[in-house]
Structures are given as C-alpha cells and as structure tokens.
Amino acid sequence: MNLETSQEIQAEVVVEAVIAVEPEAPKTRGRKPKTKQYFTKDTENAILLYNLLEDEIERNKLYEDQIKYPFDKLVENIIHTFKFYHFDIPYEDVKHEVVAFLNEKIHKYTDPNKGKAFSYFSIIAKNYLIIHNNGNYNKFKNTEQPEAIDDNRNVINEVMRDDELNEKKEFMDLFTTYMDDNLTVFFKKQPDIGVADSVLELFRNRENIENFNKKALYILIRDRTGVKTQYITRVINIMKSAYVEMYTNYKHTGRATLNHAKFKKSEFLE
C-alpha cells in the first residue's frame, strides 16, 4: 500500500468511521537521522521555567543559554524544509522576524500536557510563514512569467506531508489520553462507555490494524460490546465532534483543548 492510498483510507476513517486510525508512517531509506537534537525536552523545560521566572536578568540569561538557539534552528529548518522563499526581505531578516514572533507567543506555553513545545512553536512559525509567504507569492505571480512561476512554484500545498503525519500521531495520543480521562463526562450510560472504550482501544492499537474498512471496524466494536450499530454510531458521532474541535484547536494553537460549552449536556445523558 502506497502513502497516497493509506492517506485516503485514513481520511475516510477519520471522517466517516471511528475518527482516526492512521497507519504507521512509512520508514524512509537512506542516511540515519542525526542523534543530536536541537529542540529537546530540556528546551521545553527551559521555556516552562522562563515563563515562571520574574527576574528579568534570570529570564534573559535562560533564554540566551537554552532557548535562543533552538528557536533559531527551528525557524531555519522550517523555512528551508518547506521552501518559504517568497519574501522581499533578506533571509536573515525573515528568520529574525519569525523568531521575534515566537518570543511574543512564548508566554502562552504553560502546560506540556496539551502538546509538546516543539509542535506548539512549529505550528506558530509555519502559520506565520504561510500567511506572509502566500501574500508575497501572489505578488510574484502578477509580475513573473509562467515559466518562472512553475520553476518557483508555490509549495504551500505540497508541504507538511510527513510533518502532518507526525503531528497526527502526537495529537491522537493526546486525544486518546484525554478521552480516557473524561469518558464519564461525555457518556453516562455504561453501554456507551463500553463502546467509547472499545473505540479508544482501536486508537491505542492503530499501528497494528491492517483492515481500515469502516464496516470491519464497526464489527470489531459490536463484537466486543454486544450493542447494536445505531448505538455505536451515536457514540462515535459524539467522539467525532470532540475530535474535530480538539484537532482544529491543535492545528491552530498546538494545544489539544476542548470547549465543553459547545457540547449540550443532554447529548451525553440521552
């Protein structure tokens, strides 16, 4: 099964069946990845500490020693990986501008349980670059010949394939943990809880599932719980609503959060 086929199956399952059961990201051949990482758990801890410190001198020293380089490297890699080259200012100025924007948002990262710092700041940087890159690309299309546009095509629609797979993996882990901890908030009846737990069990073992067919997944859940298909569909629709909102928030902010006010209490009790 090629990557495009697996992604189509994944999309169908996400939207129509049990929200998301993505296949394991394909292994790549070639050189082994470098073991030295520039943005680590220590970086994340430094950012959390930075937001707790009140002394400006201590904050500045911590930033210079442990945060500045990871931010610089993160932005540099995103610019080159996704070819954000349609800017009318020098590359170094672009990088400094994006790093400055990350600094403006650094105070908002306070809870690692809602997402890793690397994903949070990657999303912020990419969204910033996409907005500004698209604006300059539109200007470029109006002034350049078609051949030049083809050679320097807008790569926004081509980016984030592997990156998005990794983001979905991380989000699915966060979503599964969240639903595990809040099953009785969403569902009051024991049969509903049993169905939801069966769906979560599929999520936990998604890399070992070979058949992504919607009907087959429903049969697995029905065999485990003994309930009728319409009850399974009802539970899945509630979980899907939570998934859609949380994933939207995650894509825009890097945080897997949910606004419970959007979910009517009666929906869980009926």
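The values are calculated or read from the model by the stated rules, or taken from the named source; none is laboratory data. Keep in mind that this is a model prediction, so the values were computed, not measured. All Cβ positions, glycine included, derive from the backbone under ideal geometry; neighbour counts span all protein chains shown. Note: accessible area is taken over every heavy atom of the protein model, side chains too, but ligands, DNA and RNA are not part of it. Shrake-Rupley method; radii C 1.70, N 1.55, O 1.52, S 1.80 Å.
Tabulated data
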quantity: Portion, in percent, of the accessible area of the range 96-135 that falls on carbon or sulfur, probe 1.4 Å; calculated: 56
quantity: Contour excess over end-to-end distance, with Cα ends at K83 and T177 and 0.36 nm allotted per residue; calculated: 30.4 nm
quantity: Lys, Arg +1 and Asp, Glu -1 on Cβ, resulting dipole of the range 182-252 about Cα centre, debye, nearest 20; calculated: 240
quantity: Three-way shape call for the range 33-96 based on the alpha-carbon gyration tensor, with the a/c threshold at 1.5; calculated: oblate
quantity: In Å², nearest 10: area of R255 left accessible to a 1.4 Å probe; calculated: 40
quantity: Around M179: net Lys/Arg minus Asp/Glu count, Cβ-Cβ under 12 Å; calculated: -3
quantity: Under Karplus coefficients 6.51, -1.76 and 1.60, residue-wise ³J(HN,Hα) of the range 243-256 in Hz, glycine/proline x; calculated: 4, 4, 5, 5, 5, 4, 4, 5, 5, 8, 10, x, 10, 8
quantity: Which of Y109, Y231 is most accessible, then next, and so on - probe 1.4 Å; calculated: Y231, Y109
